[in-house]
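Remarks on the structure that follows.
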Amino acid sequence: MLIINIKQLVGIRRNPQLLRGKEMAILPFLENAFLRIEGEKIIDYGLMKDLDLSNETNDIYDAKNAFVIPAWCDSHTHIVYAGSRENEFIQKIKGVSYEEIAKNGGGILNSAKKLNETSEEELFEQAWNRIEAIKKLGTGAIEIKSGYGLSVAGELKMLRVIKKLKKESDLLIKATFLAAHTYPTLFKNNHQGYIRQIIDEMLPIIAEEKLADYIDVFCEEGFFSIAETEQILEAGKHYGLKPKIHANQLHLSGGVQVGVKHQAISVDHLETMGNEEIEYLKNSNTIGTLLPSAAFFLRMAYPPARQMLDANVAIALASDYNPGSSPSGNVPFLIALSCIQMKMTPEEAINATTLNGAYAMEVANEVGSITKGKLANLIFTKNMPSLAYLPYSFGENLIDQVMIRGKFQ
Ligand code: NIG
Ligand code: FE
């Protein structure tokens, strides 16, 4: 297929690399461009003026001055969950804190109860519907975590649902094992009891059935300590699972340092950052993944994105789509939040949700930029005056069409 009349072909890169600090401000594009696709892949692109249409035998699609952008790579979600938690949303409006709700058996434990009562088929169905909905908002690759099972059966059920989603969906999907999301009530006063379940009972089956690509721990006061985090990461490493950590969401938890020490692909959240944490990150290959929708939903301070960019950190942005802290997988909205609340430029925010998002789930050889040989996962916008209009006109749906693996959805 030949796509013609693209107003701006955004994110073209010959030799893509993880973007750090200042590099994130540069988002290369071609004006008045064409793009060629064969099967699932991008095979060529260039300027309209260099295109000779007289001998063209391929199907032609007229983009009618759309911006064409790589589909979003959402590297942190918990999209497999049962039901919803708008009752807690109301409690929070009335002044109860996220931590208080969690202490009273709400929060993650509330979702775990629902999940353990829901069948694998029903869970799959709910997650499938969420995936179909975010696809329309431009998401083309996604990481999904377990962590609402909190029991051997529940965690395996979640991971098997993710495995089935991988098989049936045309999105690129990565699976992360997050049994260490919180302590189940049964093990509230017996942390080692639950950690032994994770290590001795869950991990061997996960390895055998190839149910996960990564291992994650909610390293946070009142959740998993640094020592507990390290114990779980070591065990995961034994089975070839690289870490991606929930770090520094509520406190200076030491999560960043633990993540960097264990060569985590990414440390995620980072609402609470000190200079030491930024020093650690800037001298590492670990990506700092920011989840502004969660800060927005929980009315928390946003991560210090500008300070991190100035320090040459590699930043990704993701939705954290989950029922408790970010019941939204809307990437255009979080791009707007990043620009408005964290003072990222539109270029930085788009790099962070495309190429760096792809790196944060190790799929950058397949998606995240307009590169020959990569998948044709593309967003076609409605008419807009400039790329900056996308976050500027926040809340407006400016996506006209989404193409995944060369097919319009
Ligand atoms: O990434 N912080 C921990 N986990 C989720 C929230 C989970 C929940 O509240 O259900 C997060 O924000
Ligand atoms: Fe999360």
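The values are calculated or read from the model by the stated rules, or taken from the named source; none is laboratory data. Only a predicted model underlies this, so the values are computations on that prediction, with no experimental measurement involved. Please note: Cβ atoms are built from the backbone with ideal geometry, for glycine as well, and neighbour counts cover all protein chains shown. These area figures cover heavy atoms from the full protein model, side chains too; ligands, DNA and RNA do not enter into them. Shrake-Rupley method; radii C 1.70, N 1.55, O 1.52, S 1.80 Å.
General remarks:
- Enumeration of residues in the stretch 263-286 that are more than 16 Å from ligand 2 (Cβ to nearest atom), touching a strand residue (DSSP E or B) at 6+ places or on another chain (Cβ under 7 Å) and over 17 Å from Y359 (Cα atoms): none
- Conditions (1) assigned by TED's automatic domain parsing to the domain that holds N65; (2) of a type in the set (G, A, S); (3) within 16 Å of ligand 1 (Cβ to nearest atom); number of the one not met by S393: (3)
- One residue stands out in the stretch 323-337 among those that are part of a loop (DSSP other than H, G, I, E, B) and surrounded by fewer than 24 Cβ atoms within 10 Å (Cβ to Cβ): the one that is farthest from ligand 2 (Cβ to nearest atom), namely N330.
- Lone qualifier among E277, E228, E220 - being surrounded by fewer than 24 Cβ atoms within 10 Å (Cβ to Cβ) and without any contact (Cβ under 8 Å) to a residue 40 or more places away in the chain: E220
- Residue match in the stretch 304-320 (condition: within 12 Å of ligand 1 (Cβ to nearest atom) and within 16 Å of L178 (Cα to Cα)): yes
- The one condition in (1) open to solvent by 10 Å² or more (accessible area, probe 1.4 Å); (2) touching a residue at least 24 places away in the same chain (Cβ under 8 Å) that K188 fails to fulfil: (2)
- Yes/no for F67 being of a type outside the set (S, T, N, Q) and open to solvent by less than 40 Å² (accessible area, probe 1.4 Å): yes
- Helices (runs of 4 or more DSSP H) fully within the stretch 96-157 counting 2 or more residues that are more than 16 Å from ligand 2 (Cβ to nearest atom) and at pLDDT below 95: 98-103
- Close pairs (9 angstrom Cβ cut-off, 6 or more residues apart or separate chains): among the acidic types (D, E) in the stretch 46-64, surrounded by 10 or more Cβ atoms within 10 Å (Cβ to Cβ) anywhere: D50/F34; E56/L2; D59/M1; D59/L2; D62/I3; D62/I4; D62/N5
- The requirement of being open to solvent by 10 Å² or more (accessible area, probe 1.4 Å) and either touching a Gly at 6+ places or on another chain (Cβ under 8 Å) or within 18 Å of M403 (Cβ to Cβ) (or both) is fulfilled nowhere in the stretch 138-154; no residue meets it.
- Test set (1) open to solvent by 30 Å² or more (accessible area, probe 1.4 Å); (2) part of a loop (DSSP other than H, G, I, E, B); (3) not assigned by TED's automatic domain parsing to the domain that holds G147 - L387 fails condition number: (1)
- Odd one out for S266 among (1) touching a Pro at 6+ places or on another chain (Cβ under 9 Å); (2) without any contact (Cβ under 8 Å) to a residue 60 or more places away in the chain; (3) closer than 20 Å to T182 by Cα: (2)
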